[in-house]
Amino acid sequence: MNQDMDISTRKVILTMLKTQGSLAVSDMAEQLGVTEMAVRRHLNTLERDGLIQARLVRQAMGRPTKLYSLTEQADDLFPKKYKHLALDLLAELIEEAGEEQVERLFERRKERLIERYQQQMDGQQLSERVKILAEIQNANGYMVEWKSEEGDRYVIDEHNCPITKVANQYKYACNCELKMFQKLLNADVERTECLAKGGSKCSYTIRNN
């Protein structure tokens, strides 16, 4: 039983790193509701198996923080497995804590992503912010194209959504992405097409406020 629980916890950690990007031990411990020592034990196993990697990030104050992320080897696990795992975990969370807790989870993910990318946007013109956002989303697997149109208007098209299965069932995921775009771009952003609603892509029209 304990071995099964350990394997399940490691799957959750891998899913967190897949959906949220690089995380510190403290971030994972808080979300899992376990001690940092317990998280480190699982990370040691995952690192030994070549599924995660660590890097030190210097802080303005205090000691450097070690952030963990998936390796390319771990990425191969997900096309067949992580969508179902994520949906199962969210369903369990709703059963245990209610749908509001799932909404809070998506909200926290949105705030974490904004915090991660905001510095790249600061001081940039809207056109540059749109370009940077497209590059970020491309790096995350969204297959993005963007263009400028007349009247200082821009369009971002996402031809792939790595979290389609989740977004199909939990529309709050799409709402959080829209809010994240609005915050990072500091602009009026409208979603005009959505993969989760049967569209051929996710399309966003962006104008200055």
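What follows is calculated from the coordinates using simple rules that are stated; it is not laboratory data. All figures in this text were calculated on a predicted structure; none of them were measured in a lab. Glycine gets a Cβ as well: all are built from the backbone with ideal geometry, and neighbour counts include every protein chain shown.
Please sort 7-17, 27-37 by packing, taking for each peptide the average over its residues of neighbouring beta carbons within 10 angstrom, highest first. If you can, show how the numbers build up before the last one.
Values: 7-17: 17.9, 27-37: 14.5.
Taking the mean over residues of other Cβ atoms within 10 Å, the ranking is 7-17, 27-37.
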Electrostatic dipole magnitude of the range 2-76 [Cβ: Lys, Arg +1; Asp, Glu -1; Cα centre; debye, to 20]: 340 debye
Given unit charges at Cβ for Lys, Arg (+) and Asp, Glu (-), the dipole magnitude of the chain about its Cα centre in debye, nearest 20, is 440 debye
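With r as the distance between the Cβ atoms of Val34 and Gln169 and R0 = 35 Å, compute the FRET efficiency 1/(1 + (r/R0)^6) and round to 0.05.
Once the sixth-power term is evaluated, E becomes 0.85.
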Once you've got the Cα coordinates, tell me which of Lys66/Lys147; Lys11/Lys201; Lys147/Lys179; Lys66/Lys131; Lys11/Lys165; Lys66/Lys201 are over 26 Å apart. Lys66/Lys147; Lys11/Lys201; Lys66/Lys131; Lys66/Lys201
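Given the Cα-Cα distance of Glu135 and Met61 and 0.36 nm per residue of separation, how much length would full extension add, in nm? Don't skip to the answer; put the middle values down first.
Working: separation 74, 0.36 × 74 = 26.64 nm, distance 2.95 nm.
The Glu135-Met61 span can extend by a further 23.7 nm.
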The set of residues whose placed amide H lies less than 5 Å from the amide H of Lys66, leaving out same-chain residues fewer than 5 positions away, is Val57
Gain upon complete extension [Ala24, Glu111; 0.36 nm per residue less C-alpha separation]: 29.8 nm
What number, rounded to the nearest 500 deg cm²/dmol, is the helix-based mean residue ellipticity at 222 nm of the chain, given -39500 (n - 2.57) per DSSP H run of at least four residues and division by all its residues? -18500 deg cm²/dmol
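Given Cα positions, please report Rg to Rh for the chain, the hydrodynamic radius being the Kirkwood one. Provide the component values of the computation, followed by the final result.
Working: Rg = 18.2 Å, Rh = 18.5 Å.
Over the Cα atoms of the chain, Rg/Rh equals 0.98.
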Rg(Cα)/(2.2 N^0.38 Å) for the range 2-76, N = residue count: 1.07
